[in-house]
Structure formats: C-alpha cells, structure tokens
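Comments concern the structure below.
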Amino acid sequence: MTRIDKNIYLDLYFMMKKIRMTEEKIAENYHEDNMHTPVHLYIGQEAIAAGVCSNLKPTDKVFSNHRNHGHYLAKGGDLYAMIAELHNKETGCSRGRGGSMHLTDNSVGFPITSAIVAGGVPIATGSALASTIRKSNDVSVVFFGDAASEEGVVFESMCFAALKKLPIIYICENNMFSVCTPLEKREVSKSVCKKFESVLNVKYVDGNDVESIYLSAKEAIDNARVGGGPLVIECLTYRMRDHHDTRTGVDAGYQTQDEWQFWSRRCPIEKARKNLYEEGVLDEYKEKEFEKMFMLVLDDAFRKAIADPLPKPDDIYYGLFG
Amino acid sequence: MPWTKVNQLDSIEIKVNTENVNDTRIISYTDSIREALSSALDIDERVFVMGQGINDPNGIFGATKDLWKIYGEERVFDTPLSEAALTGIAIGSSMMGMRPIYCHNRPDFLMLAMDQIVNHATKMNYMSGGQCNVPLVIWATTGMGWGSAAQHSQALHGLFMHVPGLKIIMPTTPYDVKGLLLSAIEDNNPVLVFEHRKLFNQSGYVPENAYKVPIGRGVVRKAGSDVTIVAISEMVAEALNASKGLEVDGISCEVIDLRTIKPYDEEIIIKSLEKTGKLVIADTGWKTGGVSAEIAASIAEKAFHLLNCSILRLGSEDVPTPASHVLERAFYKNADDIEFAIRTMMDK
C-alpha cells in the first residue's frame, strides 16, 4: 500500500534509477582516466535527491555541494553536459572550468555548487532572501551533509532565515561519515540537526524511503512557498562508496562489512522497486525497457563527451569577470 | 537598465581639503556616500543595503543615516553579526540577480567572512564558466587613531589584492566616493570598497545628479616633474601635504591618486615616470607583501628603464597597530615621513 500517487512513485523510482545508473557508469569508467576530476558518488542516497526535487519547479533553486550528481540530475540538469564537464571539456555544463564538484545548470534552477563544506548553505539562504524581496514565490532548497552541520555558518544562516521567514528548506543528508570519521567521534547526538531545534522546526525522515522524503519535502516546500517560512529535514542514509573515488568505505578501511551489508539491504531503489511491483505499476519488462533506453542515453553522452574538444589554454581568463 | 543613463564623468582636479571652487555644491564626504547609496536605491530596485548598525540613529559613520526611513526596512536592513553567513547570503542574493551592498564598520571584520569572499564570491562566475555573476559590493572603513588598536585599525586591501576575481576601490574625495560607489554597484562582480576614517573629515564638490567614476583609472592630484608619488587612500592627503613642504625647496612632486587598487592604473604611473624617473609609493597598509610591494614589483618589471633610482615604499610598520598614542605615531607614516624619505632620495 503506497502513500503517494502510484505514478509519482514510479517517476521517483525511475529518477533514482537514472542517478544510480549514471553513478555506476561513472564509477566503471573512472579509472580509464578520462575524467580528471575528483568524484563524490551519490550511490545509496538517491531517494533524497529524487524525493525532494520532484516537488520543485524549474524556477525554484537547488543548492548542492561536492556530492552533487544526484541533485543535478533530479533537478533536471542536462546529463550530457554533466558527463562532458566530468571529462573537462569545453562543452561541459561549467565549460570545463568547474569539474565534478562545481556543476551548473541555470536553466533548471541549479546554480554552481560549492565544494567548501557548508559553503552553499548561506548562499542558498541568500537566494531565498532574493525571492522574498522580489515577492516571487520561488523556494530555495539546499542539500548539505552531517559534517556540514558542524560549520557555524549553517546555524548563522538558519537564524537569519528564521528571522526573515525565508522560503528555504534545509535538507541534511546524514550519512554518518565525515570522509572517514564516523559521527560518534564528532558529535554528542546521533541526529545532527537536533542542535538546530532552538531555531527552526526539524523533521526527521528515513533517507532511504523515497515516499517519506517526498511527503515531508512536499509539505515543507508547499508551506514555504506561501510564506510559511523555513524548515529543516534530516534524512538518515548511507553512502555505498567511499567519500570520493569508486571503492567502498569497507575497502578503504573505515566501514565494517556488516554495516555496509545492513545498508545495502536497505537500498532505496530496491525498496521502491518492491513496492511498485506489489502495486502492479512496475514489472520486469518496464524495468528492462527503462534500463535499455537509459543505457543508450548514457553511452551516447559518454561517447560524445570523450570526442568533444577541451578548452583552449588561451581562454584561461574566460569567466573571471562578468 | 537605467544604469546606462548614468553618465561616466572622470573627476576634475579636486583638492582633498575643503576649498572654494567655482561650482557651489559642496557637501561632506559622508553625505556623498549617502547620496550614492540613495541614487542606487532609486535607480535600481534590485539594490539593497545591509549591515550591522546601518540603521543606527547615525547610521554607519553617518553614511547610511535614515535611509531605511525612505526606502523601507526590506531594502535597508540591520543585520545580526554572523559575517560569514551574511556574506554568503549577500552572494546568494546577488547570484539571483539582486545587487546587495554589505556595509561593515571595519575591514577587520571581513576576516570572519574570508571563506565566503575568497572561496565563493570571487570564484562562482569563473568555476561556472561565466554563468553565475556575483554583483556584490562590500563596504568597510579603515580605522585610525584614538587607541583603536590592532583589531580595529587594519588596512587589509593588500590581502585582498592577491585574489583574482574581485575589484578594490579606495576613493579619497567626496566627488570620487559617490562616482566610484555607483560604478561598483553597477559592476557585475564583487567589488570591495575601502574607505578611510580620516577622509570623512572633508567636504568637496559633488554633482547632485548620479554619475560614475570609472573603476581602474587613477588621477593626477598634483602635477610635478621631479618625483612621482603613488599614494593610496589617506596617504594621498599626506602626499599632498608633503609635496607642499618639498615645493618650498624646489622639489616638484607629482602626486597620483590611484583610486582603484585592483585593477590599478599602471599607465598613469608609467606616464609620470617618463617625466620624473623616481617612484615613491605610499600605502596605508603594512609595508610587507601588500599593495606597495605589488606596484613596485610590477613597475620594476615593466618600466625599469624609466627608473633612475630605487623605488621607495612607505607603509605602516610591520606590527599590529598599538594603542598608545606615542606608539601610534611611530606606527603610521605621514607627510613628514614622506618628505624626509624624498629629501633623502633626492640627496643621493
């Protein structure tokens, strides 16, 4: 029995699949050394990007971070431009100047991401301030991790957002690791957003259940849009690969096999798949058709990206000033 | 955009101290800043002004006084301290097309916002391949004297000069501050505005209408033939005073007010050196690793053949600013120090 419209749930499933397949293809190809850029894969966290972004309009703004591929795609960012950017090409979404950590797609409300942890949080808050001054009803959403919550600037931003009742939703993806350092070595609480409860309301959701995320985000976003003010949503999740690069945290030596297996069994895509099969809106045929179709799109993007031109060194000053 | 209707007028020869000029509209430096902010708020609905204390009864040093009464608190608002977050907030709003002016009392407090200024504001446009402009103005006033001490007296423009992706203006006259501020607000990039507390004690000619002074262009404040003094901020006043004393002894100084530190007007310096062959650089910052060092190195690279003696630099002593007034006097360089240095230079 699903809690949301079956067709929306199916769309969410396909978005998560899209992100997963893209990330896995990047991982597969990464050690060919055609992508000279540090990659921070989103595998395992797809439900959060998909569940939140499907509630947003193109004029709403999403501010992400170094782990941005999922948010970029879920907001409607151009896949080929992203792959070209990873390949450092002039055709990349950031014209080869940003790399994986600094993707841009203004056409879908996805401004350049910052890779300074928590750096995007005040910037997103500023975007919400702009909406308020202009009296547009655009909502801004910022995604940040558990480690980012440890930067003072996050608390400062939330205080200001609360004061001005800004239309911003703060989504904390708590995957319990700050590179290799586990949460218990860093904070007293298992919920990193507890420390913000004095300033803003905080909702806690299962970060691997796309339905719960969709519903919480929908309520928060719709409320913010009509002047209801900011909100924090903490999503508990796990990243199935290392902080950056392609191996697992287990192989890197700071995650246990048991813990990894536990979260593997809680895969958000598997969970959705199971529910959708039960509801009869997804079957093996639909699944395989999607995979086949999207793999063609992915292969095409990679093929084009590899063939595309690199930026010209003489253009190194391009974009310094606007 | 109405900005295209704001004419660019370069400044005429204006004396730093109050003087009678033919045109009768003399206003204070403070009022000139206020006029710039007011003009910008009138011209462009995207402009807003924010900062701790801007809506105090006297505003910040008088410059933002009562603006909120005219433009409303949505566009002119006081802020919590939170310099880091608020800089990010200003950046974010500017990326969405607004034109914020973030006012601080002192450059010292910008240190709390260094990550947002250096890691974010100056880089968003470049990292995105030119797709995310940051039309942000950050305004601050270097303090001086009365025991303000180390954390309220810093002249930090040299630190920021090192970072690509921003501009720095340092006006010295009521005429220039209005025109340069308007140029800064119109600019699509982060512009840091560093005033100097002592320069607020002046009045001068300021046109009533809005106008722009070009960023990146210096001006000759006093023509001369023996020595070129490139002066920054309050040192322009010191240099002009020094040149009066030197004139008596037949040493003719040409005083250049750069007005913009980044990008600075190299051409005007080189043109002057073609006449004088001698360069003195006087900055309000510390001598080491700052603006005077950069200008000296750059001129030595590009115009070595024009120099007939070593470049001379004057800057504050390389210590944190002390509180006691006798130590303050030792810390700061003034007209006497410039005069002494030039006499020594001419004797060689």
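The values are calculated or read from the model by the stated rules, or taken from the named source; none is laboratory data. For clarity, every value in this text was computed on a predicted model and none was experimentally measured. Glycine also receives a Cβ, built like all others from the backbone with ideal geometry; neighbour counts cover every protein chain displayed. The protein model used for the area step is the full one, side chains on, heavy atoms only, and it has no ligands, DNA or RNA in it. Shrake-Rupley method; radii C 1.70, N 1.55, O 1.52, S 1.80 Å.
Observations, loosely collected:
- All positions within the stretch A:220-242 that are of a type outside the set (S, T, N, Q) and open to solvent by 30 Å² or more (accessible area, probe 1.4 Å): A:D222, A:R225, A:V226, A:G227, A:G228, A:L236, A:R241
- All of A:Y318, A:Y254, A:Y277 fail the test of being of a type in the set (F, W, Y) and open to solvent by less than 70 Å² (accessible area, probe 1.4 Å), apart from A:Y254.
- Residue that is farthest from the other protein chains (Cβ to nearest Cβ), among those in the stretch B:87-111 that are part of a loop (DSSP other than H, G, I, E, B) and buried (at least 22 other Cβ atoms within 10 Å of the Cβ): B:H104
- Count of the stretch B:270-294 residues which are under 19 Å from B:P171 (Cβ atoms) and in contact with a Ser or Thr (Cβ under 7 Å, 6 or more places away or on another chain): 4
- Residues of the stretch B:187-221 satisfying the condition of being of a type in the set (D, E, K, R) and touching a residue at least 60 places away in the same chain (Cβ under 8 Å): B:E195, B:R197, B:E208, B:K212, B:R217, B:R221
- Test: residue in the stretch A:27-45 that is within 14 Å of another protein chain (Cβ to nearest Cβ) and under 19 Å from A:S140 (Cβ atoms): no
- Qualifying positions in the stretch B:310-329 - over 13 Å from B:W286 (Cα atoms) and open to solvent by 40 Å² or more (accessible area, probe 1.4 Å): B:S310, B:I311, B:L312, B:A323, B:S324, B:H325, B:V326, B:L327, B:R329
- Where a residue in the stretch B:128-142 is more than 10 Å from every other protein chain (Cβ to nearest Cβ) and its partner, wherever it lies, is among the aliphatic types (A, V, I, L, M) and part of a loop (DSSP other than H, G, I, E, B), with Cβ under 7 Å and at least six apart: B:T142/B:A155
- Residue list for the stretch A:224-253, filter: farther than 26 Å from A:E32 by Cα and hydroxyl-bearing (S, T, Y): A:T237, A:Y238
- When A:I116 is tested against (1) surrounded by fewer than 21 Cβ atoms within 10 Å (Cβ to Cβ); (2) farther than 25 Å from A:E173 by Cα; (3) hydrophobic (A, V, I, L, M, F, W, C), just one condition goes unmet, and that condition is (2).
- Given (1) surrounded by fewer than 21 Cβ atoms within 10 Å (Cβ to Cβ); (2) over 30 Å from A:R95 (Cα atoms), number of the condition A:A217 does not satisfy: (1)
- Of everything in the stretch B:252-264 that is open to solvent by less than 20 Å² (accessible area, probe 1.4 Å) and touching a Lys or Arg at 6+ places or on another chain (Cβ under 8 Å), the residue that is farthest from B:V291 (Cα to Cα) is B:C253.
- The single condition among (1) open to solvent by 40 Å² or more (accessible area, probe 1.4 Å); (2) part of a loop (DSSP other than H, G, I, E, B); (3) under 23 Å from A:T237 (Cα atoms) that A:T91 does not satisfy is (3).
- Single condition A:P167 does not satisfy, out of (1) surrounded by fewer than 21 Cβ atoms within 10 Å (Cβ to Cβ); (2) modelled with pLDDT of 95 or more: (1)
- For the stretch A:18-52, residues that are under 17 Å from A:D242 (Cβ atoms) and part of a loop (DSSP other than H, G, I, E, B) total 11.
- Looking at A:E156, A:E184, just one residue is open to solvent by 10 Å² or more (accessible area, probe 1.4 Å), assigned to a helix (DSSP H, G or I) and within 14 Å of chain B (Cβ to nearest Cβ), and that residue is A:E156.
- Condition check for A:I123: hydrophobic (A, V, I, L, M, F, W, C), free of Cβ contacts under 8 Å to residues at least 12 places away in the same chain, within 12 Å of chain B (Cβ to nearest Cβ) and more than 26 Å from A:P313 (Cβ to Cβ): no
- Among residues that are more than 30 Å from A:Y9 (Cβ to Cβ), within 19 Å of the chain's Cα centre (by Cα), within 10 Å of chain B (Cβ to nearest Cβ) and in a helix (DSSP H, G or I), A:I133 is not included.
Let's see how each residue does on (1) more than 26 Å from B:A113 (Cβ to Cβ); (2) of a type outside the set (K, R); (3) in contact with a helix residue (DSSP H, G or I) (Cβ under 8 Å, 6 or more places away or on another chain):
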site: A:K61; (1), (2), (3): no, no, yes
site: A:S64; (1), (2), (3): no, yes, yes
site: A:L86; (1), (2), (3): yes, yes, yes
site: A:G98; (1), (2), (3): no, yes, yes
site: A:D105; (1), (2), (3): yes, yes, yes
site: A:I116; (1), (2), (3): no, yes, yes
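- Flag for A:N55 being assigned to a loop (DSSP other than H, G, I, E, B), open to solvent by 10 Å² or more (accessible area, probe 1.4 Å) and in contact with a strand residue (DSSP E or B) (Cβ under 8 Å, 6 or more places away or on another chain): no
- Among the residues of the stretch B:112-125, those that are without any contact (Cβ under 8 Å) to a residue 60 or more places away in the chain, in a helix (DSSP H, G or I) and crowded, with 24+ Cβ neighbours inside 10 Å comprise B:A113, B:Q116, B:H120, B:M124.
- Residue count for the stretch B:128-148 satisfying the condition of being in contact with a Gly (Cβ under 8 Å, 6 or more places away or on another chain) and of a type in the set (S, T, Y): 1.
- The stretch A:94-120, residues that are more than 8 Å from chain B (Cβ to nearest Cβ) and either outside any helix (DSSP H, G or I) or modelled with pLDDT under 95 (or both): A:G99, A:S100, A:M101, A:L103, A:D105, A:G109, A:F110, A:T113, A:A115, A:V117, A:A118
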